[in-house]
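Novice: Sending over a structure as structure tokens; questions will come in a sec.
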Amino acid sequence: MSGIYRKIEQLVSVLWSIIVFFKSPLLSTFICLIPSLAFAQTVHPNIDLVLIEKAKRKMYLMSNGETYREFYISLGENPIGHKQQEGDDKTPEGRYLIDYRNENSRFHLSLHITYPSAKDIEIAKQNGVDPGGDIFIHGVPNGMEKKEAAFYYRDWTNGCIGVLNSEIKEIWELVEIGTVIEIRP
């Protein structure tokens, strides 16, 4: 970052010399805006839906019906079909919410999905099984950052939605608590 500060300092110095020489109030106003322009944050749209297409292995961050970002995803090791019970390695299907963030996860950042729903619990109860839980969108396991490429283009989770660490950082920043997530077959 110090290189950026040096360049800004040089630019301000040159422009200040011009102001002094030409005594321009308009240019002095511009000079005052340079720091805020240099460090302005990018404005992102409100992500109102996280859409998962399991068969395509895609996650779409949606805003007002438009795709803002798209990511390749990894699923549970047994990805076809809706999660029925604990340990089946399936990723659930349906509409849920992102209800909390876990920055102290066993994986590089994670966003919790509200599986199981009341309907999932009822179906599991009728079948005499535990529906499972702890379904997240997350990065690769902690300590595996150097082997991250080994997790790409393969299903390796226990039912969660896996992405690369750089991607979960972006998703973490864009997706608010309370955002709807729709997981399609």
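Novice: Restricting attention to segment 143-154, does a residue exist that is of a type in the set (Lys, Arg), under 18 Å from Lys90 (Cα atoms) and loosely packed, with under 14 Cβ neighbours inside 10 Å?
Specialist: For segment 143-154, residues of a type in the set (Lys, Arg), under 18 Å from Lys90 (Cα atoms) and loosely packed, with under 14 Cβ neighbours inside 10 Å: present.
Novice: Tell me, please, whether a residue that is closer than 14 Å to Leu75 by Cα and either loosely packed, with under 14 Cβ neighbours inside 10 Å or assigned by TED's automatic domain parsing to the domain that holds Asp89 (or both) can be found in segment 119-131.
Specialist: Checking segment 119-131: not a single residue is closer than 14 Å to Leu75 by Cα and either loosely packed, with under 14 Cβ neighbours inside 10 Å or assigned by TED's automatic domain parsing to the domain that holds Asp89 (or both).
Novice: So which residues in segment 159-185 are within 11 Å of the chain's Cα centre (by Cα) and of a type in the set (D, E, K, R), if there are any at all?
Specialist: If the condition is that a residue be within 11 Å of the chain's Cα centre (by Cα) and of a type in the set (D, E, K, R), then Glu167, Lys169, Glu170, Glu173, Glu176 are the ones that fit.
Novice: Looking at segment 47-98, which of its residues are free of Cβ contacts under 8 Å to residues at least 40 places away in the same chain, of a type outside the set (D, E, K, R) and not in a loop (DSSP other than H, G, I, E, B)?
Specialist: Tyr60, Met62, Ser63, Thr67
Novice: So which residues in segment 121-146 are more than 18 Å from Val50 (Cβ to Cβ) and among the acidic types (Asp, Glu), if there are any at all?
Specialist: Glu122, Asp130, Glu145
Novice: What number of residues within segment 99-131 satisfy the criterion of being over 13 Å from Cys160 (Cβ atoms), touching a residue at least 40 places away in the same chain (Cβ under 8 Å) and within 18 Å of the chain's Cα centre (by Cα)?
Specialist: Total satisfying the criteria: 3.
The values are calculated or read from the model by the stated rules, or taken from the named source; none is laboratory data. Because the structure is predicted, anything quoted here is derived from the model rather than measured. Here Cβ is always computed from backbone atoms with ideal geometry, including for glycine, and neighbour counts include all displayed protein chains.
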